[in-house]
Amino acid sequence: MEVTQVLLNAQSIDGAVRKNAEESLKHFQEQNLTVFLLLLSGELVSEEKPVETRKLAGLILKNALDAKDQQRKVELVQRWLSLDGNAKSQIKAGLLKTLSSPVSDARSTASQVIAKVAGIELPHKQWPELVGSLLSNVHQLPAHAKQATLETLGYLCEEVSPDVIDQDQVNKILTAVVQGMSASEGNIDVRLAATRALYNALGFAQANFSNDMERDYLMRVVCEATLSPEVRIRQAAFECLVSISSTYYEKLAPYIQDIFNITAKAVREDEEPVALQAIEFWSSICDEEIDILEEYGGDFTGDSDIPCFYFIKQAIPALVPMLLETLLKQEEDQDQDEGAWNIAMAGGTCLGLVARTVGDDIVPLVVPFIEENVTKPDWRQREAATYAFGSILEGPSPAKLIPLVNVALNFMLSALTKDPNSHVKDTTAWTLGRIFEFLHGSAVDSPIITQANCQQIVAVLLQSMKDTPNVAEKACGALYFLAQGYEEVGPSSPLTPFFQEIVQSLLTVTHREDARESRLRTAAYETLNEVVRCSTDETAPLVLQLVPVIIMELHNTVEGQKLSSDEREKQSELQGLLCGCLQVIIQKLGSSESTKYLFLQYADQIMGLFLSVFACRSATVHEEAMLAIGALAYATGPDFAKYMPEFYRYLEMGLQNFEEYQVCAVTVGVVGDICRALEEKVVPYCDGIMTQLLKNLSSNQLHRSVKPPIFSCFGDIALAVGEYFEKYLMWAMSALQSAAELSTHTTGDDELIEYINTLRNGILEAYSGIFQGFKNSPKTQLLIPYAPHILQFLDGIYMEKDMDDVVMKTAIGVLGDLADTLGSHAASLIQQSVSSKDFLNECLSSEDVMIKESAEWAKLAISRAISV
């Protein structure tokens, strides 16, 4: 195989040539991997070869070592580890040699591949000489070899975890990197590579940051780099500061004043990429302090050992004016551009975080700026003032903000319709949305929306929905929060008189020619859903009138026309929105008997449409239609059985969809809805469902987040079919048992603990459903052999002391179910169990009402079982 030619062909403009080349590469890789990788590394090393084939050879090499998909990644790692040792040594030697190539693309590609190999080998104690040979390279000339080596060290730190490299080598890497950053290094590319490498190496520097002298030195080097004449180095240095602010927050106190001076200068004078990172530093400090203050709940005295340094509180007299200045640096058309990010937006985002960090203290610092600018002739000043106001609405207390809002509201409503500038209108609508989100609703004592101004507010928002797509989208958002604030108002809502008009306006928006711009159509449907969800009984007849309208819209999307792929994407997006809308309507009308009866006349028609949507075969729609069917099953109850023969195959397809695991998870939830609706009528479908669920559990292809809902689903099925569950009992219990063991012996980070708790909850819900399903059946004794293991599981999670409230409630409930169903058979087992008494007492004295109720019920069930 003539490698160079094939690699050139693989980048050909001619599709057929390209496809042919890709096929032969794939074929060769499958035929003889070792030779294939050796040829690729030979191509990358050779200075005679064209740069584009060297680059592609390196890229294919890199993709042979790593993949985004976890499962595939594990396979590739194993594959590399089992390759012939001599071949691997030859490849690695070639890669190291390429670092001194005069061709920069070849060097850079080799850097990435070396890091991927290191990521596989270092944890297995292989290639121990790598770091040493890289470090000896750093002191070599020419400069380009030095640059490539520093880049490689950076990628290496990104690829491996800190415990893989011992502290002695870490010190040497940091020394080399810091030397590369110093002003005495004449070559800009070397300094840039060193600064970027430091960014990746910061996670390895725990020990160095704990040592005052070393930390001072590192901080000085980073701060000096922020003053480099080269803009890319300044940007990289500020990126290091941002990373330090979150990784080493508690070490920043001695440097914070200097950092403020450096960042303020950069924000005011430097180029945008640098200024953005300088603002990001303060946003990052806010994030840290918000987390700390939330975790400690704000009720500590000044001298307690809470690890908050209140950097933001101390900085606001200087920080807030600096951020307000940035708001005036808008770009002309940023309101039209969805992906826009610039200094003004970064400054406003940071201002919002500052408001959440310091609360009321920010208000007097911002109000003068708003008052001064909001009526100025220059649109930039009006927009900046409005943006400043909108940014500080979350954080300070309602008592501090409501007087301001009462003064500003009329002015803003008038600006939204009359301001000549679209950008000002966009920000005004966004700010109104924030006012309604944070300062309107049952939780706020003094209402800002009264009978006097409600009509005007609605009229202005509906008027704005006819404006340009970006303004209309923000107006929909404001209306969304307006409706949400009236969710719990009782029988009559202030929005009732306008309901018909609101719904009509929103439907009109969805039909605008430009409704796909600025997410406008999506926003309109989301708002329509919220308006329906928060409506009261008074408007139920109007919601009912909406049903045929939405049915008709959905019907129009499934008419059998042949579509281009772009058209099909639009169609599936619209179907998703309409199915979502029907789901909300079904839930609303199905929740009261009087409207449910009237609604059910449409059920056959709606279900028929959902099935046609499935026939269009698009993943996103699947999810929305599936959720809507779950709601329909809940509303129709046992009558849903008539749809099962046709629907079942789509249910099975959903359960088999491992690729789009969210679809699979949603389908598992719908199985639960159907069980609750059909009860014993679900029996004919149980074999197929249980077989597929057990298959899903044993698959390592399926995303772990789908497994807890599958266990809960066992409980739903058992509850629905009662003793008929006997034929699955052995399989289900064995799956539950192995998952239970897994979930009581795990330590890990917060994310893992959270997952383990979700898993425990799923397992417990299954046990609960199975016990309740078998209750009062002659087959109850089948459960007795499983009781000791279940009690052992409860002991296990109690002893680990890391369960959350949800698990606690379900767990104490299971103890009660066990006693309730097994009666005297359970009594002695419960009395022997290590911790059930302590666990019960702890739950009985819980602050959480739900836990307490469950525990009282369990106590009663246990005392009945013991007295039998």
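The values are calculated or read from the model by the stated rules, or taken from the named source; none is laboratory data. Values in this document were obtained by computation on a predicted structure and should not be read as measured data. Glycine gets a Cβ as well: all are built from the backbone with ideal geometry, and neighbour counts include every protein chain shown. For accessibility, only protein heavy atoms count, side chains too; no ligands or nucleic acids. Shrake-Rupley method; radii C 1.70, N 1.55, O 1.52, S 1.80 Å.
Take segment 491-516 and flag every residue that is farther than 20 Å from residue 452 by Cα and open to solvent by less than 60 Å² (accessible area, probe 1.4 Å).
503, 505, 506, 507, 509, 510, 512, 514, 515
In this structure, does residue 600 turn out to be within 30 Å of residue 541 (Cβ to Cβ), of a type outside the set (Phe, Trp, Tyr) and surrounded by 17 or more Cβ atoms within 10 Å (Cβ to Cβ)?
Values: within 30 Å of residue 541 (Cβ to Cβ): yes; of a type outside the set (Phe, Trp, Tyr): yes; surrounded by 17 or more Cβ atoms within 10 Å (Cβ to Cβ): yes.
Here the answer is yes, as residue 600 does meet what is asked.
Just wondering, is there one or more residues in segment 127-143 that are more than 24 Å from residue 103 (Cα to Cα) and under 37 Å from the mean Cα position of the chain (by Cα)?
Within segment 127-143, one or more residues are more than 24 Å from residue 103 (Cα to Cα) and under 37 Å from the mean Cα position of the chain (by Cα).
Considering every residue within segment 130-148, establish whether at least one is open to solvent by less than 60 Å² (accessible area, probe 1.4 Å), in contact with a Leu (Cβ under 6 Å, 6 or more places away or on another chain) and either of a type in the set (S, T, N, Q) or on the phi > 0 side of the Ramachandran plot (or both).
No, segment 130-148 contains no residue that is open to solvent by less than 60 Å² (accessible area, probe 1.4 Å), in contact with a Leu (Cβ under 6 Å, 6 or more places away or on another chain) and either of a type in the set (S, T, N, Q) or on the phi > 0 side of the Ramachandran plot (or both).
Read through the list (1) open to solvent by less than 30 Å² (accessible area, probe 1.4 Å); (2) within 29 Å of the chain's Cα centre (by Cα); (3) not acidic (Asp, Glu), then give the number of the only condition that residue 200 fails.
Checking residue 200 against (1) open to solvent by less than 30 Å² (accessible area, probe 1.4 Å); (2) within 29 Å of the chain's Cα centre (by Cα); (3) not acidic (Asp, Glu), the one that fails is (1).
Part of a helix (DSSP H, G or I), without any contact (Cβ under 8 Å) to a residue 40 or more places away in the chain and among the hydrophobic types (A, V, I, L, M, F, W, C): does that describe residue 57?
Details: part of a helix (DSSP H, G or I): yes; without any contact (Cβ under 8 Å) to a residue 40 or more places away in the chain: no; among the hydrophobic types (A, V, I, L, M, F, W, C): yes.
No: the conditions fail for residue 57.
Can you tell me which residue in segment 16-50 is farthest from residue 113 (Cα to Cα), limited to those that are of a type in the set (Asp, Glu) and assigned to a loop (DSSP other than H, G, I, E, B)?
Checking each candidate, the answer is 48.
Check residue 337 against each of (1) surrounded by fewer than 20 Cβ atoms within 10 Å (Cβ to Cβ); (2) over 21 Å from residue 421 (Cβ atoms) and name the one condition it does not meet.
Residue 337 satisfies all of (1) surrounded by fewer than 20 Cβ atoms within 10 Å (Cβ to Cβ); (2) over 21 Å from residue 421 (Cβ atoms) except (2).
Residues of segment 431-450 being assigned to a helix (DSSP H, G or I), open to solvent by 20 Å² or more (accessible area, probe 1.4 Å) and touching a Gly at 6+ places or on another chain (Cβ under 6 Å), which ones?
Going residue by residue through segment 431-450, those that are assigned to a helix (DSSP H, G or I) are 431-439.
If we keep only those that are open to solvent by 20 Å² or more (accessible area, probe 1.4 Å) too, we end up with 434, 437-438.
Scanning segment 431-450 gives a single hit, 434.
Every residue, every condition in (1) touching a residue at least 40 places away in the same chain (Cβ under 8 Å); (2) within 30 Å of residue 680 (Cα to Cα), yes or no:
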{"position": "782", "(1), (2)": "yes, yes"}
{"position": "818", "(1), (2)": "yes, yes"}
{"position": "821", "(1), (2)": "yes, yes"}
{"position": "828", "(1), (2)": "no, no"}
{"position": "853", "(1), (2)": "no, yes"}
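Give all pairs with beta carbons closer than 8 Å in which a residue from segment 509-522 that is among the aliphatic types (A, V, I, L, M) and at pLDDT 95 or above meets a residue that is part of a loop (DSSP other than H, G, I, E, B) and open to solvent by 10 Å² or more (accessible area, probe 1.4 Å); count only pairs at least 6 apart in sequence or on separate chains.
From segment 509-522, the pairs are 520/512; 520/514.
Quick test of your reading of the structure: residue 734 fulfils all but one of (1) more than 29 Å from the chain's Cα centre (by Cα); (2) in contact (Cβ under 8 Å) with a residue 12 or more places away in the chain; (3) open to solvent by 20 Å² or more (accessible area, probe 1.4 Å). Name the failing condition by number.
Of (1) more than 29 Å from the chain's Cα centre (by Cα); (2) in contact (Cβ under 8 Å) with a residue 12 or more places away in the chain; (3) open to solvent by 20 Å² or more (accessible area, probe 1.4 Å), only one is false for residue 734: (2).
When the residues of segment 527-574 are filtered to those that are open to solvent by 80 Å² or more (accessible area, probe 1.4 Å) and outside any helix (DSSP H, G or I), which remaining residue is nearest to residue 492 (Cα to Cα)?
Residue satisfying both the conditions and the ranking: 559.
Over 32 Å from the mean Cα position of the chain (by Cα), in a helix (DSSP H, G or I) and at negative phi - does that describe any residue in segment 468-485? Even if it seems obvious, please write down each step before you answer.
Initially, segment 468-485 is screened for residues over 32 Å from the mean Cα position of the chain (by Cα), giving none.
Within segment 468-485, none of the residues are over 32 Å from the mean Cα position of the chain (by Cα), in a helix (DSSP H, G or I) and at negative phi.
Give me the residue from segment 381-399 that is open to solvent by 10 Å² or more (accessible area, probe 1.4 Å) and small (Gly, Ala, Ser) and, out of that set, nearest to the chain's Cα centre (by Cα).
Across segment 381-399, the extreme among qualifying residues is 395.
Are there any pairs, at least 6 apart or on different chains, whose C-beta atoms fall under 8 Å, with the first in segment 685-706 and open to solvent by 80 Å² or more (accessible area, probe 1.4 Å) and the second assigned to a helix (DSSP H, G or I), and if so, which?
The qualifying pairs are 698/735; 700/71; 701/71; 704/755.
How many residues does segment 63-93 contain that are open to solvent by 40 Å² or more (accessible area, probe 1.4 Å) and within 20 Å of residue 18 (Cβ to Cβ)?
The total comes to 1.
Failed condition for residue 620, given (1) in contact with a Gly (Cβ under 6 Å, 6 or more places away or on another chain); (2) at pLDDT 95 or above, with all others met?
(2)
When segment 632-676 is examined, which residues are found to be open to solvent by 10 Å² or more (accessible area, probe 1.4 Å), in contact with a helix residue (DSSP H, G or I) (Cβ under 6 Å, 6 or more places away or on another chain) and either aliphatic (A, V, I, L, M) or without any contact (Cβ under 8 Å) to a residue 24 or more places away in the chain (or both)?
Matches in segment 632-676: 641, 665, 666.
Which of the residues spanning segment 307-341 are small (Gly, Ala, Ser) and assigned to a loop (DSSP other than H, G, I, E, B)? Steps first, please.
Of all residues in segment 307-341, those small (Gly, Ala, Ser) come to 315, 318, 339-340.
Correct list: 339, 340.
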